[in-house]
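Please read the structure below before turning to the comments.
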Amino acid sequence: MNNVVVLNIVRFLSLGLAQILIFNNMSLGSYINPSVYVLFIILLPARINGSLLLIVSFMAGLTMDYFTNSMGLHASVCVAIAFMRPSIISLFFRNYEFVSNEEVAPFSVGWQGFIKFSIVVVLLHQVLMFYLEVMSLNNFFFTLSKSLLSSAVTLIIIVIVMLIFGKRRRRI
Amino acid sequence: MRNLFALLWRNQFFVLFILLETTSIFLLTRSYSYHGSLAYSTTSDISGSVFNSYNNLTRYLALNEENNALAEENARLRNLVPSSLLLHDSIYLNNDTSYRYIPARVVQNTVNKSNNFIIINKGNNDGIMKEMGVISRNGVVGVVVGVSDNYSTIMSMLHSRVRISARVKKSGQLVNVIWGQKNHLFGTVIDIPSHISLGEGDSVITSGNSMIFPENILIGVIESHETDLNKNLSSAKIRLGADFNGLYHVYLIDNVMKPEQDSLNRLTTQ
């Protein structure tokens, strides 16, 4: 149990720092703004207590907001994602039995399942965030294309991060 | 009552979701306007020092280019000193002595969001105050919205809520400049009277009406202007003067007369 808590705290700190210092400053044109820290929410244990999931995601979002001066933006998106996460998991992995504290990671559900799950979570996150950020439906398609572009880059980075750091034994 | 609590407890996932989501949306809408940003920006020495120490590691990468640019600026300013033998354009002379300039270094800056902020390494201890204007050597950068002891947050011109009072240099017409959220190179000039036609390369400068920026500071040059005779006001695309992606040294503008002007304003509005 303690192992999982420590692992997730370390993961949160490293992903958070990388997000604030590196991914927020990436110069990939004016449109792309990858949110790699979402990987933290993706990788939380699949059977985590619902309220804990909401609170942890809320705190993660607030931390991002604190450093990007966008109070409430990331928090609201993260809470929304956390709310939908259990349903997405039961939809995608109906036939997979998660043991306690097992993560939705390539080494448990396989690359295909992990990427499918990540695509849905990242897309939801980016689309919600970009529309909330401008808080209007003016330039609807411009905002949509921005969020799709950012989602694609976010997913690529997430896969790269998992290829480098994701090699661990199957069950904790 | 007990039943109610039991019901809430059974649906705690949903109840907690609603609670946290309303809190976040409340926080989001609260800081949404320019005045909201002024009141609720999250400037702190903690976030400032994280960015500052990272910036200390990476700043050497851009130092060469920055040094050349500063040397050029020094030379230009030297030419403006009255003892200089070189002839100079009087436009560059700013005789307005009620403004004081404070140099600062950018420690964090984004250009790819819909609402971009810049963090600099000067704060309360250096006399920085909210609503000071910020310029770079090439043009207007933004307005200070948050101050901690050693750091300040600037609302960049690349922010959806920024609106700067400006003037077309050639004709003297008053207009407004907003970002328009497309690209960090371009902004949008709005409120142009329809009888005015702006040509490519016309300069747009600060009007001096806001007490935040002195007059005659470059905002950008017109890139293209399409007039629509059916509307009273038209808008134009403007290439921003400041290089937001390579921002490193900025100057904060302290309007020494601002308290006096503010108190006058209060008198007249009472």
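The values are calculated or read from the model by the stated rules, or taken from the named source; none is laboratory data. Keep in mind it's a predicted model, so treat the numbers as computed, not measured. All Cβ positions, even for glycine, are placed from backbone atoms using ideal geometry, and neighbour counts span all protein chains on display. For the accessible areas, the whole protein counts, side chains as well, though only heavy atoms, and no ligand, DNA or RNA atoms are used. Shrake-Rupley method; radii C 1.70, N 1.55, O 1.52, S 1.80 Å.
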Worksheet item: Packing-wise, with mean Cβ within 10 Å as the measure, how do A:56-66, B:169-179 rank, highest first?
Response: A:56-66, B:169-179
Worksheet item: On average, how much accessible surface per residue is there in region A:75-172, in Å², for a 1.4 Å probe, leaving out ligands, DNA and RNA?
Response: 49
Worksheet item: What is the sum of charges around A:GLY72, taking Lys and Arg as +1, Asp and Glu as -1, for the other residues whose C-beta is under 12 Å from the C-beta of A:GLY72?
Response: -2
Discussion item. Once you keep just the Cα pairs under 8 angstrom separated by 6 or more residues, what percentage relative contact order results for region A:1-93?
Written reply: 22
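Roughly speaking, what % of Cα-Cα pairs in chain A are separated by over 25 Å, rounded to a whole number? Intermediate values should be presented prior to the final figure.
Details: 4110 of 14706 pairs.
Pairs farther apart than 25 Å: 28 percent.
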Response to the item:
Checked region B:21-67 against the a/c 1.5 cut and the a/b vs b/c comparison, axes a ≥ b ≥ c from its Cα gyration tensor; verdict prolate
Worksheet item: Near B:ARG30, within a Cβ-to-Cβ distance under 14 Å, what is the net charge of the other residues, with Lys and Arg +1 and Asp and Glu -1?
Response: 0
Response to the item:
Among B:LEU61, B:LEU38, B:LEU185, the residue with the largest mean-square fluctuation in a Gaussian network model of chain B built from Cα contacts under 10 Å is B:LEU61
Item to complete: Please build a GNM for chain B, connecting alpha carbons under 10 Å apart, and tell me which residue among B:LEU20, B:LEU247, B:LEU158 fluctuates the most.
Response: B:LEU20
Worksheet entry | Long-range tail of P(r) for region B:140-210 (Cα pairs > 16 Å, %) | 54
Discussion item. Checking a compactness column here: for chain B, what do you get for Rg(Cα) / (2.2 N^0.38 Å), N being the number of residues?
Written reply: 1.20
Response to the item:
With a 24 Å threshold on alpha-carbon distance, the violating pairs from B:LYS170/B:LYS237; A:LYS146/A:LYS167; A:LYS146/B:LYS169; A:LYS116/A:LYS146; B:LYS130/B:LYS237 are A:LYS146/A:LYS167; A:LYS146/B:LYS169; B:LYS130/B:LYS237
Response to the item:
Applying the gyration tensor rule to the Cα atoms of region B:164-243 (axes a ≥ b ≥ c; rounded if a/c under 1.5, else prolate if a/b exceeds b/c, else oblate), the class is oblate
Response to the item:
the protein assembly as shown -> Rg/Rh from Cα coords, Kirkwood Rh, value 1.03
Item to complete: Could you check which residue among B:ASN232, B:ASN216, B:ASN124 shows the biggest mean-square fluctuation in a GNM of chain B with a 10 Å Cα cutoff?
Response: B:ASN232
Worksheet, complete the sentence: Inter-chain shielding metric for B:43-53, i.e. average beta-carbon neighbours from other chains within 10 angstrom, reads 2
Worksheet, complete the sentence: Packing-ranked peptide list from B:50-57, B:68-75, highest mean Cβ count within 10 angstrom first, is B:50-57, B:68-75
Practice prompt. Express the carbon and sulfur contribution to the solvent-accessible surface of chain B as a percent, rounded to the nearest whole number, probe 1.4 angstrom.
Written response: 54
Discussion item. Can you list residues from other chains, or at least 5 along the same chain, whose modelled amide H is less than 5 Å from the amide H of B:VAL147?
Written reply: B:THR153
Worksheet item: What is the mean number of Cβ atoms from other protein chains located within 10 Å of the Cβ atom of each residue in peptide B:10-17, rounded to a whole number?
Response: 5
Discussion item. Which one, B:VAL168, B:GLY199, B:MET157, is farthest towards the positive end of the dipole of chain B when Lys and Arg carry +1 and Asp and Glu -1 on their Cβ?
Written reply: B:MET157
Worksheet entry | Probe 1.4 Å, all protein chains present, accessible-area order of B:HIS184, B:HIS195, B:HIS249, largest first | B:HIS195, B:HIS249, B:HIS184
Practice prompt. Mind jotting down the three principal axis lengths of region B:116-270 based on Cα atoms? Whole angstrom, largest first.
Written response: 51, 43, 23
Worksheet item: What total accessible surface area, summed over both chains, is buried at the interface between chains B and A, computed with a 1.4 Å probe and given in Å² to the nearest 100?
Response: 3600
Fill in: 1.4 Å probe, heavy atoms, protein only - residues of region A:125-156 losing at least 10 Å² accessible area vs chain alone
A:LEU132, A:GLU133, A:VAL134, A:MET135, A:ASN139, A:PHE142, A:LYS146
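Over chain B, with the other protein chains present, what is the accessible area per residue in square angstrom, probe 1.4 angstrom?
Values: 14620 Å² over 270 residues.
Ligands and nucleic acids excluded, the result is 54 Å² per residue.
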Discussion item. Given the DSSP H assignment, sum -39500 (n - 2.57) over each helix run of at least 4 residues in chain B and divide by its residue total; what's the result at 222 nm in deg cm²/dmol, nearest 500?
Written reply: -9500 deg cm²/dmol
Worksheet item: Got the relative contact order for chain B handy, in percent, Cα pairs under 8 Å and 6 or more residues apart?
Response: 18
Practice prompt. Note down the relative contact order for region A:2-165 as a percent, whole number, built from C-alpha pairs under 8 angstrom at least six residues apart.
Written response: 26
Worksheet item: What helices does chain A have that are whole DSSP H segments, at least 24 Å long along their own axis by Cα, and with mean Kyte-Doolittle hydropathy of 1.6 or more?
Response: A:73-92, A:140-165
Fill in: Partner chain coverage, peptide A:71-82 - average Cβ within 10 angstrom
6
